[in-house]
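The values are calculated or read from the model by the stated rules, or taken from the named source; none is laboratory data. None of the values given here were measured: they were computed from a predicted structure. Cβ: placed from backbone, ideal geometry, glycine included. Neighbour counts: every protein chain shown.
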Amino acid sequence: MSEAASARSRLTADRAAGIAPLEPMLRAWLPAQRWFAGKGRAISRLRTVSAAELLPPGSTPGLLHLLLDVDGDCYQLLLGIRPSLPPALAPTLIGHAEDGPYAGRAVYEALGDPRLAAMLLERLRSPGALGPLRFDRDPATPIPAGLTPRPISGEQTNSSLIYGDSFILKVFRRVGPGVNPDLELPRALAAAGCTRVPAPVAWYEAEPPGSEPLTLGVLQPYLRGSDDGWQLALRRLGAGADFAAEAHALGRATAEVHSALASALPTVALGPEQTARLAAGMTARLAATAREVAALRPYEAGLRGAFDALAASRGAGVPAQRIHGDLHLGQTLRTLDGSWSLIDFEGEPARPLADRRRPEPAVRDIAGILRSFDYAARSHRPFAPAWADDCRAAFCEGYARTTGRDPREDPVLLRAYETDKAVYEARYESRHRPDWLHVPMAAIRRLSEPVRPAHRVPPTPSAPGSISPHPHPKPPRRPLA
Ligand SMILES: Nc1ncnc2c1ncn2[C@@H]1O[C@H](COP(=O)(O)OP(=O)(O)O)[C@@H](O)[C@H]1O
Ligand SMILES: O=P(O)(O)O[C@H]1O[C@H](CO)[C@@H](O[C@H]2O[C@H](CO)[C@@H](O)[C@H](O)[C@H]2O)[C@H](O)[C@H]1O
């Protein structure tokens, strides 16, 4: 049973029948949304999973909360309902209801309406149940009333609103049963005293009877004046400046988060069979991507080498733990005091939630950031390979300063994860940003070539006070090629 179907079977859908007349307009509107995963395909099945009026029936504006099953995926929608839309809200219009309880009314994106966005914050300030929804908050953090909302600009996987430059609310779009790691991990990190991640102050969930809750939204402190790592890197490139000091500090910050996650949540050692399964999963993702992205096909056999090497490499265990899961420079913020924070612990949005919550080698996150340096260097004209190499070295050295272990000391594992990430990116770009496909393709060409003898990475001296992220023994080091 799909995640959406299992949620549907358990959620109260008493108002679902009244929503049916809205479904044709939603069917037309959804595919154009950046956060809609089924872009490019016509919707064949759309059903209401749950519907809740967050304001008393008949109030103007009305606020309708919907969970929709769209071809097996569950989406969250917040709809505003008004007799007519004021001109300022015209861009938020979805359509006019022709029938049912909202006949003749304008139906629009509620998050674009400051009155409704303010109302959502009010709900988060007062914990408790509302129909199928449950609102919760950290009692230790005050949330002032009356903060002015504004949606964030730019295309994102989810939808976020900033309140008074003090808090940011992320409204998850594609949801499923089970706590979202973007709530689970920042809460665990906050409880462990790690300050590298903004701590959730309020959140809301759907509570299907007898099933795990679905995380729907998380409010956290807004790091005002912070610089997005991606934008900062591009600015540096544009100015001909290096980024090595920042990359080093980011390596340290990432290592601190990994260490805190490994202490706070379960860790495992993947034995040879599990490592082979990991490699098989990467190989299967490569094959599926090659079927979808024609440009990848000539390189498939060469890329497979990285995964075969991983499968063959293990006599002992690979440490695995909870990780970020989709780390790239756009998920890092450099705050006004110059320190790095990590955000968006949701993992790769397209993967099932259960997969995203499994322990994995921390090198997956490291590979994500290393790929990001390559992305930035390739966005610059002319391509700046030395800039990316310097960032790469500095990040790994920073990481090693904190953990005592340089990720480059395990080149087989690192190459497998960088290859897997480049394959993921090829699919992501071909689906969402075809103009960017050339960026991961450049890496794919390089990674499909046979491995050249690498120069040895000097062993990392343990930094004073360094912490090991893995409470279990380290696997034996492989000799470097
Ligand atoms: N705590 C925060 N403080 C400041 N800006 C933030 C914060 N959290 C997110 N942002 C900004 O909002 C953007 C979207 O957040 P993100 O969690 O990456 O959402 P999505 O899952 O939709 O990609 C980020 O790129 C960042 O610029
Ligand atoms: O929306 P998310 O931030 O969760 O992540 C998805 O979108 C990212 C792009 O916005 C994508 O990242 C890729 O492009 C970045 C530059 O825009 C680059 O820094 C990353 O290294 C590259 O992977 C990410 O993969 C995707 O999951």
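Quick one: which of 262, 316, 312 is among the hydrophobic types (A, V, I, L, M, F, W, C) and modelled with pLDDT of 95 or more?
Only one candidate passes the filter, namely 262.
Hey, could you check the range 446-472 for residues that are surrounded by 15 or more Cβ atoms within 10 Å (Cβ to Cβ) and at pLDDT 95 or above and say which is farthest from residue 320 (Cα to Cα)?
Among those that are surrounded by 15 or more Cβ atoms within 10 Å (Cβ to Cβ) and at pLDDT 95 or above, it is 448.
Tell me which residues, restricted to the range 119-133, are hydrophobic (A, V, I, L, M, F, W, C) and part of a strand (DSSP E or B).
129, 130, 133
Of the numbered conditions (1) under 23 Å from residue 187 (Cβ atoms); (2) within 18 Å of the chain's Cα centre (by Cα); (3) within 14 Å of ligand 1 (Cβ to nearest atom), residue 339 satisfies every one except a single condition; which is it?
It fails just one condition, (2).
Could you tell me which of the residues 201, 175, 197 is over 18 Å from residue 342 (Cα atoms) and either touching a strand residue (DSSP E or B) at 6+ places or on another chain (Cβ under 7 Å) or away from ligand 1 (no atom under 14 Å from the Cβ) (or both)?
That would be 175, the only listed residue that is over 18 Å from residue 342 (Cα atoms) and either touching a strand residue (DSSP E or B) at 6+ places or on another chain (Cβ under 7 Å) or away from ligand 1 (no atom under 14 Å from the Cβ) (or both).
Are any residues in the range 342-352 buried (at least 21 other Cβ atoms within 10 Å of the Cβ) and more than 9 Å from ligand 1 (Cβ to nearest atom), and if so, which ones?
Residues satisfying the conditions are 342, 347.
Between a first residue in the range 29-40 that is farther than 15 Å from residue 428 by Cβ and a second residue that is within 16 Å of ligand 2 (Cβ to nearest atom) and at pLDDT below 90, which pairs have beta carbons less than 6 Å apart while being 6 or more apart in sequence or on different chains?
31/39
Pairs, please: C-beta under 7 Å, at least 6 apart or cross-chain, first residue under 17 Å from residue 154 (Cα atoms) and in the range 429-443, second aromatic (Phe, Trp, Tyr) and surrounded by fewer than 18 Cβ atoms within 10 Å (Cβ to Cβ)?
Listed pairs, sorted by first residue: 429/436.
Are there helices (runs of 4 or more DSSP H) fully within the range 155-271 with at least 2 residues that are surrounded by fewer than 16 Cβ atoms within 10 Å (Cβ to Cβ)? List them.
Passing ranges, in order: 229-238.
Could you tell me whether residue 334 is closer than 21 Å to residue 259 by Cβ, more than 16 Å from ligand 1 (Cβ to nearest atom), among the charged types (D, E, K, R) and touching a residue at least 60 places away in the same chain (Cβ under 8 Å)?
Considered against the rule, which asks whether it is closer than 21 Å to residue 259 by Cβ, more than 16 Å from ligand 1 (Cβ to nearest atom), among the charged types (D, E, K, R) and touching a residue at least 60 places away in the same chain (Cβ under 8 Å), residue 334 comes out as no.
Among all residue pairs at least 6 apart or on different chains, which show Cβ distances below 6 Å where the first residue, located in the range 124-135, is on the phi > 0 side of the Ramachandran plot and the second is at pLDDT below 95?
Sorted first by the residue in the range 124-135, then by its partner, the pairs are 131/52.
Checking residue 141 against (1) away from ligand 1 (no atom under 15 Å from the Cβ); (2) surrounded by fewer than 19 Cβ atoms within 10 Å (Cβ to Cβ); (3) more than 19 Å from residue 25 (Cα to Cα), which single condition isn't satisfied?
The single condition residue 141 does not satisfy is (1).
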